[in-house]
Amino acid sequence: MDDLKNKYLGLIADAGDEATLEDLRVQAVGKKGEISLQMRELGKMTPEERQIAGPALNALKDEINSALAAKKAALGDAALDERLRSEWLDVTLPARDRRVGTIHPVSQVWEECTTIFADMGFAVAEGPQIDSDWYNFDALNIPGHHPARAEMDTFYMHRAEGDNRPPHVLRTHTSPVQIRHMEKHGAPTRIICPGRVYRADYDQTHTPMFHQVEGLAIDKDISMANLKWVLEEFFTAYFGTTVKTRFRASHFPFTEPSAEVDIQCSFEGGTVKVGEGDDWLEVLGSGMVHPKVLQAGGIDPALWQGFAFGMGIDRIAMLKYGIPDLRAFFDSDLRWLRHYGFAGLAVPTIRGGV
Ligand code: PHE
């Protein structure tokens, strides 16, 4: 019996993992294990022999079981130690920079315009930013000698010598989209065309690229009254306060009659507040679509009429969010965006501690 004891205690001490330990358990104290087999022999013994062998076998079984349990616990501890060693994590490593973007004010206002006009039944139409001078000028009744066509104001596409395609320009307004849309969809129609436009201009209130939203509504009996209602509805929704408009007679080759539209505002303490006060701020050009423009778009001016307007998106974004210099929109230093509440372009990191 001592041999048995020494054999198993030795094997258990040497076991390197839990699977080996389990094999040993089966071999020693399992149902058909060596000790169980010996216990079966007890029946064949004399009562005297049994009295000695029985308790001794039980004691051996207990001893082996506790050696197994102790070794199992020791192996478990060793495995945990090993995991703790290998999966060590350096929590003192500095956090990675996390940059969070934010929507650009122009994109935001572009979306706002689209949503408000969509509520009034206007679909969105788009056109190319490089367009022929026919769409940008001629079709809009802008004659060849008009100053807007001068190279001083307009970016013309370069043509290689011998390239005789008609001149193309970076569109100077979104109005050419009117023509393209009329050609394709006819009348009646109700669209806005938001987009980028280009003019050779640069100062506090002008950048060479800026954004406009064009509006066009054509039907049998559309009038200036509809135009006024649509614009007042728009400004009131956009600025979140009732905004009066003032129409001033003006001239555009593509509308007749034409009006420049001002919105009511106050200029107190160096800031512009829309929807209050006795001052006026010009925000857009508009009018009834000129018959020649309808014709250029393939629509019969004897049957249809409509209004059009063109408004600066950057302009109304500056007004709503109180941004004084248009150039800030296109500046590479975007800290100003945070200043005006469009936070998040480059949030401080944990290391910055802010
Ligand atoms: N296209 C004109 C501009 O860019 C604006 C405008 C659009 C005026 C439609 C009247 C009608 O200044």
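Numerical summary
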item: Any hit, the stretch 80-88, residues being at pLDDT 85 or above, among the hydrophobic types (A, V, I, L, M, F, W, C) and assigned to a helix (DSSP H, G or I); result: yes
item: Members of the stretch 1-56 that are assigned to a loop (DSSP other than H, G, I, E, B) and either more than 60 Å from the chain's Cα centre (by Cα) or of a type in the set (S, T, N, Q) (or both); result: Met1, Gly30, Lys31, Lys32, Gly33, Met45, Thr46
item: Close pairs (9 angstrom Cβ cut-off, 6 or more residues apart or separate chains): within 12 Å of Ala73 (Cα to Cα) in the stretch 5-22, among the acidic types (Asp, Glu) anywhere; result: none
item: Some residue of the stretch 222-243 being closer than 20 Å to Phe329 by Cα, open to solvent by less than 30 Å² (accessible area, probe 1.4 Å), touching an Asp or Glu at 6+ places or on another chain (Cβ under 7 Å) and aromatic (Phe, Trp, Tyr); result: yes
item: Meets criteria (under 16 Å from Ile130 (Cβ atoms), part of a helix (DSSP H, G or I) and not hydroxyl-bearing (Ser, Thr, Tyr)) for Val177; result: yes
item: Matching residues in the stretch 10-20 - criterion: being open to solvent by less than 50 Å² (accessible area, probe 1.4 Å) and either within 21 Å of Leu57 (Cβ to Cβ) or of a type in the set (Phe, Trp, Tyr) (or both); result: Gly10, Ile12
item: Hits in the stretch 22-67 (condition: touching a helix residue (DSSP H, G or I) at 6+ places or on another chain (Cβ under 8 Å) and β-branched (Val, Ile, Thr)); result: Val29, Ile35, Ile64
item: Residue pairs meeting the criteria (Cβ under 6 Å; at least 6 apart or on separate chains; first touching a residue at least 24 places away in the same chain (Cβ under 8 Å), in the stretch 172-188; second basic (Lys, Arg) and part of a loop (DSSP other than H, G, I, E, B)); result: Thr172/Arg199
item: Complete set of residues in the stretch 265-276 that are closer than 12 Å to Phe239 by Cα and not in a strand (DSSP E or B); result: Gly275, Glu276
item: Complete set of residues in the stretch 271-311 that are without any contact (Cβ under 8 Å) to a residue 60 or more places away in the chain, over 18 Å from Ile142 (Cβ atoms), within 16 Å of the ligand (Cβ to nearest atom) and not hydrophobic (A, V, I, L, M, F, W, C); result: Glu282
item: Among the candidates Ser86, Ser66, residue that is under 29 Å from Lys7 (Cβ atoms), open to solvent by 50 Å² or more (accessible area, probe 1.4 Å) and among the polar types (S, T, N, Q); result: Ser66
item: Selection within the stretch 142-180 - among the acidic types (Asp, Glu) and exposed (fewer than 10 other Cβ atoms within 10 Å of the Cβ); result: Glu151, Glu161, Asp163
item: Ala28 surrounded by 14 or more Cβ atoms within 10 Å (Cβ to Cβ) and closer than 30 Å to Glu82 by Cα; result: yes
item: Top-ranked residue of the stretch 234-262 - restricted to ones that are in contact (Cβ under 8 Å) with a residue 40 or more places away in the chain and among the β-branched types (Val, Ile, Thr), ranked as nearest to Glu282 (Cα to Cα); result: Val261
item: Among (1) aromatic (Phe, Trp, Tyr); (2) open to solvent by 50 Å² or more (accessible area, probe 1.4 Å); (3) modelled with pLDDT of 95 or more, the one test that Tyr202 misses; result: (3)
item: Those residues of the stretch 175-207 which are in contact with a Gly (Cβ under 7 Å, 6 or more places away or on another chain), under 15 Å from Gln295 (Cα atoms) and aliphatic (A, V, I, L, M), in sequence order; result: Val177, Ile179, Met182
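The values are calculated or read from the model by the stated rules, or taken from the named source; none is laboratory data. Since the structure is predicted, the reported quantities are computational estimates derived from the model, not experimental observations. Counting neighbours? That spans all protein chains shown, and the Cβs are built from the backbone with ideal geometry, glycine included. These area figures cover heavy atoms from the full protein model, side chains too; ligands, DNA and RNA do not enter into them. Shrake-Rupley method; radii C 1.70, N 1.55, O 1.52, S 1.80 Å.
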